[in-house]
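The structure appears right after this line, and notes come after that.
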Amino acid sequence: MHQSINTDRLGSETASGLILRKTVENVTMGTSEGTANEGFPGDRLSYRIEVINAGTEPVTDIAIFDRTPPYTALDAAPANPVALATGVTCNVATPAPAGYSGPLNWTCTGALSPGDHGSVVFVVEIVP
């Protein structure tokens with residue numbers, strides 16, 4: 001087993017009330033979704049970035065930035081567009097086809113209402 005650590009830094013709740021949570025699930029091994037996981041070359045890992053409006057006002061101009069972890073490549077292009085919540089649509093800003101490794105970016109249009117939440121997902125394969 002090859003171990004690689006993928007650390008994401010997310011700020012605490014912003015003044016707007018926007019919260020981001022990232023989880024991972026090893027699809028190949030059937031593990032539960034959590035903040036950490038492990039895998040072997042050839043395993044597929046599904047990453048979910050959840051966006052939550054815990055504030056009292058709608059949030060607009062949402063942008064989500066991440067990257068494929070080291071030693072991985074996209075298993076397939078992320079879904080595009082993604083309905084984050086009612087009235088909010090996110091699009092992959094930079095093309096990211098299967099086999100791609102590197103930065104990922106979604107830009108979202110619409111207003112995320114207080115209490116609303118949704119997520120974007122990408123699946124990678126651990127490469128040898």
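The values are calculated or read from the model by the stated rules, or taken from the named source; none is laboratory data. The structure presented is a predicted model; accordingly, all values stated were derived computationally and were not measured. Please note: Cβ atoms are built from the backbone with ideal geometry, for glycine as well, and neighbour counts cover all protein chains shown.
Inclusion of Glu50 among residues that are part of a strand (DSSP E or B), in contact (Cβ under 8 Å) with a residue 60 or more places away in the chain and either touching a strand residue (DSSP E or B) at 6+ places or on another chain (Cβ under 6 Å) or within 13 Å of Phe122 (Cα to Cα) (or both) is warranted.
Within segment 36-58, the residues that satisfy the criterion of being surrounded by fewer than 18 Cβ atoms within 10 Å (Cβ to Cβ) and more than 12 Å from the chain's Cα centre (by Cα) are Ala36, Glu38, Phe40, Pro41, Gly42, Arg44, Ala54, Thr56, Glu57, Pro58. Please give the number of the condition Met29 fails out of (1) of a type in the set (A, V, I, L, M); (2) modelled with pLDDT of 95 or more; (3) assigned to a strand (DSSP E or B). So the condition that Met29 fails would be (3).
Okay, residues lined up against (1) in contact with a Phe, Trp or Tyr (Cβ under 8 Å, 6 or more places away or on another chain); (2) part of a loop (DSSP other than H, G, I, E, B); (3) aromatic (Phe, Trp, Tyr); (4) surrounded by 15 or more Cβ atoms within 10 Å (Cβ to Cβ):
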position: Pro78; (1), (2), (3), (4): yes, yes, no, yes
position: Pro97; (1), (2), (3), (4): no, yes, no, no
position: Tyr100; (1), (2), (3), (4): no, yes, yes, yes
position: Leu104; (1), (2), (3), (4): yes, no, no, yes
position: Pro114; (1), (2), (3), (4): no, yes, no, no
